[in-house]
Every structure is written in C-alpha cells, then in structure tokens.
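Please treat every number below as a calculation from the coordinates, not as lab data. Here the structure is a predicted model, which means the values were calculated and not measured. Note that each Cβ is placed from the backbone with ideal geometry, even for glycine, and that neighbours are counted across all protein chains shown.
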Amino acid sequence: MASVVQDRIVTLDIIRGVAVMGIFSVNVIAFAMIDGAYFNPATYGGHSGADLALWATNMVVVDGKLRTLFSMLFGASMLLIVERAEAAGESGWTVHVRRSLVLFLIGLAHFYFLWWGDILHLYAAVGLIAFFFRGLSPRALIVWAVAFTIVDMLMFGGIVSQVYRQDLAAHAAGASPEAIRQWNDIAVGFYPTASYLAEDRAIYGGSFVTRLTEMLTNRAGEPLNDISLLAPETLSLMLLGMWGYKTGFLTGAWDDRSYGRIALIAIPAGALAFACIVIVDISSGFYLPTVFGAMTAASVPFRPLMAFGYAALIILLTRRGGWLAQRFAAVGRTAFTNYLGTSLIAAFVFYGWGLGLYGQVSRAQAWLLVPLVWAIMLLWSKPWLERFQFGPLEWLWRSLARWQFQPMRRRAAL
C-alpha cells in the first residue's frame with residue numbers, strides 16, 4: 001500500500017485508526033462504573049469468571065499499549081504538521097500553538113461535560129514542550145525518551161512507596177486517627193464502602209447538571225493534576241513518535257523483515273511481562289499498592305515495547321491495502337471525531353442523563369458496547385471522507401486554529 005496519498009501518510013492513518021478503536025475497548029469500563037474499577041477489577045464490576053477473564057485479557061493485550069501508540073502518533077503527526085507549515089512559509093511555532101490552544105480547550109470541555117478520562121488537554125500541554133525537541137537527531141530523541149521514562153518510573157515509584165507506608169501506618173497497633181484518615185481517603189476509591197458507591201451512583205447516574213456540578217467543584221483541578229503527573233511519560237512517548245517518524249518506522253519505510261522481527265520479539269515479550277503483572281495482581285488479592293504500582297510504574301517500559309510491536313504488525317498486515325485497511329485509515333483520519341464520539345455514545349449509554357446504566361452492569365456486560373461502537377466507527381468514517389475533506393471535529397479544530405472556516409466538501413473531479 002502506498003505510504004502517501006494526497007499528502008496523507010496512510011500508514012499513520014491506519015495505525016491511528018486501530019489505536020483509537022483499541023482505546024475505547026478499555027475506556028468503556030471507566031464510563032460504566034466507579035473510577036477505581038478501571039484500575040482495580042476488585043473495586044466494582046466483578047473480578048471472577050468472565051469479568052476476570054476480560055480484565056486479564058485487556059491488561060495483557062490492550063490496556064496502556066494502544067494509548068501509548070496513540071501518544072506516539074501524536075508526536076509523529078505534530079512533527080509532520082510543523083514541517084509542512086514551515087515548508088509553506090508559515091511559522092511552525094504559531095501553527096502549533098494555535099492548534100494546541102484549541103485542543104486544550106476542547107479537551108477541557110470533554111473533561112467537564114462528558115468524561116473524566118480526557119487525554120486531549122494533556123496532549124495539548126505536553127505537545128508545547130515536545131515542540132522544542134523537534135530538531136533533535138533520532139538517537140538524541142531516544143536518549144531523551146528513555147530519560148523521561150526513568151523520571152516517570154521514579155516519580156510513581158515514590159508515590160507507590162508512600163501509599164504502602166500509609167497502609168502500614170494506618171494498620172499498625174495504636175495507629176493514630178490521622179494515619180487512619182489518610183489511608184481511608186486513599187483507599188475508599190479502590191475499596192469502596194456502600195455509602196461511597198451510593199454517592200457515586202447518585203452523581204454519575206443522576207442528571208447532567210448533577211454530574212457537571214461535581215466536575216466543576218470537587219474535580220475541577222484534575223486536568224492540571226493530570227498534566228503534572230503524566231507529563232514525563234507522555235513527553236517520552238511523543239519523542240518516541242518523532243523518532244518513529246524521522247526514521248521511517250511509523251511511516252512504513254522499513255522492510256518487511258525488520259517489521260516482522262520487531263513484531264515477533266516485542267509483542268510476546270511485552271505480553272509475557274503483562275501476564276506476570278496479572279498473576280501478581282491476582283495473587284496479591286488486588287492489593288492497592290501492588291495494583292497501583294504495576295499500573296503506574298512496573299508496566300511503563302513494556303507499554304512502548306508492545307506498542308512498537310503492534311505498529312510493526314499493523315504495517316505488515318496492511319502493506320497491500322484492501323477494503324479493511326481503507327476502513328481503518330478512514331477511522332484514523334477522523335480519529336479526533338471518533339475519540340470524542342465514543343465518549344458521547346458511552347456517556348449516553350451509562351450516565352443518568354441518557355440510558356442510565358451506570359453502575360448497573362458487570363465488566364463483561366459493559367464491554368458488549370465495544371463491538372457496536374467499533375462497527376459504527378468503521379461504517380461511517382469512510383463514506384464521510386468520500387464526501388468531505390475532514391471529519392466534523394477535525395474541521396472544527398482546523399477552522400478554530402486558523403481563525404477562519406475551512407472548506408469542507410470535496411471538490412468534484414474534473
């Protein structure tokens with residue numbers, strides 16, 4: 001399959017399409033039930049039988065890997081857009097800042113009005129930092145990416161250590177009321193009480209205004225907290241994406257043998273590491289410091305490993321194109337719309353202002369929405385792009401960033 005069509009790098013579009021679809025397969029749990037259930041299956045939604053099998057499969061195959069790939073693609077696409085702007089005589093920095101500002105505002109709207117798990121505001125903020133690394137050589141990008149990964153692991157390792165010490169202090173003989181209070185404040189989201197669950201369901205299973213009030217008051221500062229905690233890893237992944245773009249890895253420029261070797265080594269190695277994490281989590285009885293430590297620190301180096309393996313495999317499988325590759329490419333070209341669109345669908349299905357299934361379904365039952373949403377993404381994206389130049393929200397983002405309405409409809413061929 002040709003790597004470039006009408007100034008689009010189709011390989012990037014295909015990988016992005018697969019990534020945004022995979023992301024929803026784990027995000028759906030965060031819409032359906034209490035926040036802590038996304039990180040800890042014992043929190044809510046079932047952790048035995050089919051529910052446990054689904055959690056374990058997602059942990060080994062999907063969770064974190066496709067978000068990692070999506071973050072890498074953001075870095076690659078950012079570099080591509082800046083290069084094209086400068087080639088056209090525009091200021092790359094000005095174009096990037098405008099796009100980032102609009103993305104940040106849309107991300108905040110997504111966070112407050114639809115879902116707490118927004119990543120757009122994080123990408124917008126960290127992307128401003130990533131811009132200053134654009135001129136580095138591929139080797140330097142790798143060095144900096146590794147450095148930021150180490151910072152991320154050390155930071156979260158420290159947090160996990162603190163959580164563990166607070167647990168010991170709260171459960172020690174003669175523990176002080178303050179130590180007990182601090183532990184309960186941390187643990188209640190992972191080991192929820194009946195009153196906590198009832199309050200949570202009243203908020204997210206209630207009216208739109210009830211949930212919005214919660215987001216604008218008790219959770220108002222979370223976007224800034226996300227940036228401060230997640231910036232090192234996100235920046236590392238964006239730099240890896242720049243490396244993938246500059247070396248041709250993410251654009252399909254490498255030979256089949258190289259991609260095959262990477263897929264054959266990276267995917268099984270990463271899957272084995274995550275299988276070990278699953279075993280440790282289960283063996284610990286889903287102990288909070290263990291689960292949190294595995295999610296935020298121990299798994300960090302294995303997520304990009306599997307992401308590179310997945311990218312290599314996707315490129316190999318779509319080399320010759322075909323109708324399915326075209327569908328994935330269309331999903332990737334409209335990834336912004338698809339990402340926010342899945343949030344709208346899931347919020348409608350689970351939150352109280354819609355069908356109100358929040359907290360009413362198991363983990364496996366919630367996942368049944370995923371194939372339906374995947375089908376919608378694959379079905380609408382390609383026909384839309386046959387008539388229009390951009391996805392609806394891609395057009396909005398582009399128009400706001402350029403301060404003028406962009407042409408939407410495709411011109412008929414002469």
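Annotations for the structure displayed:
- Relative contact order (%) - criterion: Cα under 8 Å, at least six apart; region: the stretch 286-414: 24
- For residue 388, the amide hydrogen comes within under 5 Å of the amide hydrogens of 410, counting only partners 5 or more places away or on other chains and with H modelled in the peptide plane.
- Peptide packing: for 255-264, 393-402, the average count of neighbouring Cβ atoms within 10 Å per residue gives the ranking 393-402, 255-264, highest mean first.
- Against the main long axis of the alpha-carbon atoms of the chain, helix 335-350 sits at an angle near 30°.
- Relative contact order %, the chain, counting alpha carbon pairs below 8 Å whose residues are six or more apart: 32
- ³J(HN,Hα) computed for each position of the stretch 231-247 - Karplus, 6.51 cos²θ - 1.76 cosθ + 1.60, integer Hz, glycine/proline x: 4, x, 5, 4, 5, 4, 5, 5, 5, 5, x, 4, 4, x, 6, 5, 8
- The phi-based Karplus calculation (6.51 cos²θ - 1.76 cosθ + 1.60; θ = phi - 60°) puts the 3J(HN,Hα) values of the stretch 133-139 at 9, 5, x, 6, 6, x, 4 Hz, whole numbers, x for Gly and Pro.
- Positive dipole terminus of the stretch 4-402, leading residue within 298, 52, 21 (C-beta point charges): 21
- Helix axis angle, 302-317 relative to the chain longest principal axis, alpha carbon, degrees: 40
- Between 407, 205, 242, the Cα set farthest toward the positive side of the dipole of the chain (charges on each charged residue's Cβ, about the Cα centre) is that of 407.
- Per-peptide average of other Cβ atoms within 10 Å, ordering 216-222, 65-71, 300-306 highest first: 65-71, 300-306, 216-222
- Peptides 165-178, 31-44, 284-297 ranked from most to least packed by the mean count of surrounding Cβ atoms within 10 Å: 31-44, 284-297, 165-178.
- Dipole magnitude of the chain, debye to nearest 20 (Cβ charges: Lys/Arg +1, Asp/Glu -1, about Cα centre): 1520
- Distance from the Cα centroid of the stretch 104-168 to that of the stretch 247-275 is 24 Å (rounded to whole angstrom).
- In Hz, Karplus ³J(HN,Hα) per residue of the stretch 203-220 (6.51, -1.76, 1.60; θ = phi - 60°; x = Gly, Pro): 6, 8, x, x, 6, 4, 5, 4, 5, 4, 4, 4, 5, 7, 10, 5, 10, 4
- Centroid-to-centroid, using Cα positions, the stretch 10-56 and the stretch 296-316 are 17 Å apart.
- Our estimate of slack between residue 355 and residue 317, defined as 0.36 nm per intervening residue step minus the Cα-Cα distance, is 9.8 nm.
- Tilt relative to the chain, helix 65-87 - C-alpha long axis, 0 to 90 degrees, to 10: 40
- Structure-derived Kirkwood radius over Cα pairs in Å - corresponding label in (i) 24.2; (ii) 23.1; (iii) 22.4: (iii)
- Every helix of 4 or more DSSP H residues in the chain counts as -39500 (n - 2.57), and over all residues that averages to -24000 deg cm²/dmol at 222 nm.
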